[in-house]
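J.: First, the structure itself, so that you have it in front of you.
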Amino acid sequence: MKVNAAPMNQNLWTKGFTTGVTIIALGILVVIYRFIFGLGAVTNLSDGVPWGLWIAFDVVTGIALAAGGFTTAALVYVFNKGEYSPLVRPALLTALLGYGIAGFSIILDVGRWWQIYNPIWSWQGSSPLFEVSICVMSYLTVLFLEFVPIMAEKFDQNPDSLLAKIIVKIAPVVNRFLIALIILGIVISTLHQSSLGSVMMIAVARIHPLWHSAWMPLLFLISAIAIGFPVLVIESYYSAKAFGRKFEQGILSQLLKLTPWILGLYVVVRFADIIVTGELNLLVADIWGIVFVVEMCLIAIIPTVLLLNKKYRESDSGILTISWMMILGLVMNRFNTYLITYQPRPGWDYFPSLGEIIVSAMLVSLLFVGYKLLANYFPVLSKE
């Protein structure tokens, strides 16, 4: 599908870009220290709490927030909604960066990081973690291949380097199989988004009953699909600010018309689960019931009500507020499931170290810096 896109070709070194590069430089020092001296030298992880912030935020939350890539691709290429085609390339770039950062986070969190390739050779079909690792590697490869034609548009004008010549050479082959790659990426995404919920199903005695469920794979998948379009709103708004462009509120408001239906399904499944399992009384039992209600209000209930109101759905501030609300609700959900309500064995506790926080800040900065860098030099954003 032809998109009238162009590189932004603007000055990169703004205050925000410089701040991001500074945070990345600091984070690289911590990463080097971690690779040399091990996890214990940088993190507060232990035998009782084997994963923490890097998994809960950088991997699990990050992968969910990168879901805009496959949801937008499905909308345009599977459901034939070509009017949303200007959003495909920005969504693809966000997904590519998001999954790349998540993959790097997994390398950081694995004790023997130099053996990260082992899942390729040691297949364990009954393991959700194996499925997630294979799918993330596969989808990251698919995303890179989908980005090849975009790079070729840039390099085709002057393929003076070896990389440029390779990209220009393989781009026609990728274009020939692009639809197949897009469908493959959609299928892979649905698999690992749900499997991130499957991973924690084994922790029956460790997670609070309001967050542990036999329906966790379905709930993780629905919430990831629902968050895809709000993330596009945030991406579009801040890329518009970064490059001095007009915020595409009109097309995004149209896109968000679909979100209440997905959120409604999420609410029905979530409350049906706690009713069927007899856990409805837990909503008023202690503080966790309040946390659950706040999370549900942020991720689904309040956004659904606001999105059904045309006044909020068709205003810049309205869709930005709704999108940030949903993102905060999803972050709460993933943190509550993987970290906050998870109770390790007696005698163990966990709070992120300064090193973990710095590295997480570095990875977030990589997302913004990488997006601005690639959108500045490659035809990602459509011409106004």
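Please treat every number below as a calculation from the coordinates, not as lab data. Just so you know, these numbers come straight off a predicted model, no measurement behind them. So basically every Cβ, Gly included, is an ideal-geometry build from the backbone, and we count neighbours across all protein chains shown.
J.: I need the fraction of alpha carbon pairs in the chain separated by more than 32 Å, rounded to a whole percent.
T.: Numbers: 25418 of 73536 pairs.
Result: 35 percent of Cα pairs exceed 32 Å.
J.: Within the chain, which DSSP H helices have Cα atoms that stretch 24 Å or more along the helix axis and a mean Kyte-Doolittle hydropathy of at least -1.0? Each step should come with its number before you reach the end.
T.: Working: long enough: 15-37 (33 Å, 1.73); 88-109 (31 Å, 1.42); 128-155 (39 Å, 1.40); 178-198 (30 Å, 1.72); 216-243 (39 Å, 1.54); 259-276 (25 Å, 1.64); 316-335 (28 Å, 1.10); 354-377 (34 Å, 1.53).
Span-like helices, by this rule, are 15-37, 88-109, 128-155, 178-198, 216-243, 259-276, 316-335, 354-377.
J.: Find which of Ile340, Met362, Val305 sits farthest along the positive direction of the dipole of region 248-384, computed with +1 on the beta-carbon of Lys and Arg, -1 on that of Asp and Glu, about the Cα centre.
T.: With unit charges placed on the Cβ atoms, the residue in question is Val305.
J.: A follow-up question, please. Hey, can you rank 172-182, 87-97 by average C-beta count inside 10 Å, highest first? Each step should come with its number before you reach the end.
T.: Numbers: 172-182: 13.7, 87-97: 24.4.
Put in order of decreasing packing, that is 87-97, 172-182.
J.: Can you return the lysines within cross-link range of Lys15? Criterion is Cα-Cα under 16 Å, with same-chain partners fewer than 8 residues away left out.
T.: Cross-link targets: Lys241, Lys372.
J.: Sort out for me the Cα centre separation of region 341-384 from region 137-181, rounded to whole Å.
T.: If we compute the Cα centre of each part, the gap is 26 Å.
J.: Right, another one. Run lengths n ≥ 4 of DSSP H only: what is the helix-derived mean residue ellipticity at 222 nm for the chain, with -39500 (n - 2.57) per run over all residues, to the nearest 500? Write out the running numbers ahead of the final one.
T.: Values: 16 runs with 241 residues, N = 384.
That calculation yields -20500 deg cm²/dmol at 222 nm.
J.: Using the Cβ atoms and a cut-off under 13 Å, what net charge is assigned to the surroundings of Pro172, where Lys and Arg are +1 and Asp and Glu are -1? Present the calculation step by step, with values, prior to reporting the outcome.
T.: Values: positive: Lys169, Arg176; negative: Glu153, Asp156.
Net charge in that neighbourhood comes out at 0.
J.: Here's another thing I want to ask about it. What does a probe at Arg245 reach in region 136-162, counting residues whose amide N is under 16 Å from the point 7 Å along Cα→Cβ?
T.: 150-151, 154
J.: Which value, in Å³ per residue, describes the convex hull spanned by the Cα atoms of region 202-261?
T.: Numbers: hull volume 6.4 nm³, N = 60.
Looking at region 202-261, the number lands at 107 Å³ per residue.
J.: Please state the charge dipole magnitude for the chain, taken about the Cα centre, from unit charges on C-beta atoms (+1 on K and R, -1 on D and E), reported in debye and rounded to the nearest 20. Don't skip to the answer; put the middle values down first.
T.: Working: 23 positive and 20 negative charges, 169 e Å.
With Lys and Arg at +1 and Asp and Glu at -1, about 800 debye.
J.: Based on the mean of other Cβ atoms within 10 Å per residue, sort peptides 149-160, 282-293 so the most packed one is first. Each step should come with its number before you reach the end.
T.: Numbers: 149-160: 15.7, 282-293: 13.9.
By packing density, highest mean first, the sequence is 149-160, 282-293.
J.: Okay, moving on. From the residues Val174, Gly185, Trp114, which one has its Cα farthest along the dipole of the chain in the positive direction, the dipole being from +1 and -1 charges on Cβ of Lys/Arg and Asp/Glu about the Cα centre?
T.: Checked the options; the winner is Val174.
J.: Moving on. Counting alpha carbon pairs within less than 8 Å and at least 6 residues apart, what relative contact order, in whole percent, applies to the chain? The partial results should precede the final answer.
T.: Values: 505 pairs, mean separation 128.6, N = 384.
Over the chain, the number comes to 33 percent.
J.: Let me ask another. If you line up the Cα atoms of region 1-159 on their principal axes, what length do they span on each, largest first, in Å?
T.: 52, 44, 29
J.: Please go through region 314-354 and write out the chymotrypsin sites (Phe, Trp or Tyr not before Pro) that DSSP classes as loop and that have at most 15 other C-beta atoms within 10 Å.
T.: Working: sites: Trp324, Phe335, Tyr338, Tyr342, Trp348, Tyr350; in loops: Tyr342, Trp348, Tyr350.
Here the chymotrypsin sites (Phe, Trp or Tyr not before Pro) that fit, given the DSSP loop and packing criteria, are Trp348.
J.: Can I ask one more? Over every pair of different alpha-carbon atoms in region 1-78, take the mean of 1/r and invert it; report that Kirkwood radius in Å. List each step's numbers first, then the result.
T.: Working: mean 1/r = 0.0600 Å⁻¹.
Computed over Cα pairs of region 1-78, the Kirkwood hydrodynamic radius comes out at 16.7 Å.
J.: May I pose another question? Rg to Rh ratio, region 305-377, alpha-carbon atoms and Kirkwood radius?
T.: Values: Rg = 18.0 Å, Rh = 15.8 Å.
Radius of gyration relative to Kirkwood radius: 1.14.
J.: Where the centroid of each part is defined by its Cα atoms, how far is region 287-322 from region 12-35 in Å?
T.: Distance between centres, Cα-based: 34 Å.
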